[in-house]
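Notes follow the structure.
What follows is calculated from the coordinates using simple rules that are stated; it is not laboratory data. Since we're looking at a predicted model, the values are computed, not measured. For neighbour counting, all protein chains shown are included, and Cβ atoms are generated from backbone atoms with ideal geometry for every residue, glycine included.
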Amino acid sequence: MRIKKISDNKAQFQLECTKGAPSYNMGALEGAIELNPQGIVHYIAPKNDYSEGRCEMEFDFTKPGQVKLTQKTSDIDCGFGSGVYCDNVYELK
């Protein structure tokens, strides 16, 4: 995951996730998020041709130096390959 702050209250993110054997599927998502003092950001992606619904993610910046990402919708809604979920704690650099 890459996150780049582009203003005091906005950041751009790029996310790539993979699932290992036996399917080796992958998913990618990018977008902009509005930062807030509480540290919890809810992101809803625009509908696209590769998904059935709208991808929803929660970014939790409450612990210094990391972001906890929770995928709120299915792999299909996010346009990801079968079984690909990006839930994880990512270190910020």
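For region 15-27, the set of residues classified as touching a residue at least 40 places away in the same chain (Cβ under 8 Å) and of a type in the set (A, V, I, L, M, F, W, C) consists of 15, 17, 26, listed by residue number.
Restricting to region 1-35, what's the tally of residues that are among the aromatic types (Phe, Trp, Tyr) and either surrounded by 15 or more Cβ atoms within 10 Å (Cβ to Cβ) or under 18 Å from residue 60 (Cα atoms) (or both)? Quick ask: steps written out before the conclusion?
Just the residues of region 1-35 that are among the aromatic types (Phe, Trp, Tyr), to begin with: 13, 24.
Now restrict to residues that are either surrounded by 15 or more Cβ atoms within 10 Å (Cβ to Cβ) or under 18 Å from residue 60 (Cα atoms) (or both): 13.
Number satisfying all stated conditions: 1.
A residue that is more than 10 Å from the chain's Cα centre (by Cα), surrounded by 15 or more Cβ atoms within 10 Å (Cβ to Cβ) and acidic (Asp, Glu) cannot be found anywhere in region 41-50.
Residues in region 71-93 that are within 18 Å of residue 44 (Cα to Cα), in contact with a strand residue (DSSP E or B) (Cβ under 8 Å, 6 or more places away or on another chain) and part of a loop (DSSP other than H, G, I, E, B): 72, 73, 75, 77, 78, 79, 80, 84, 85, 86, 87.
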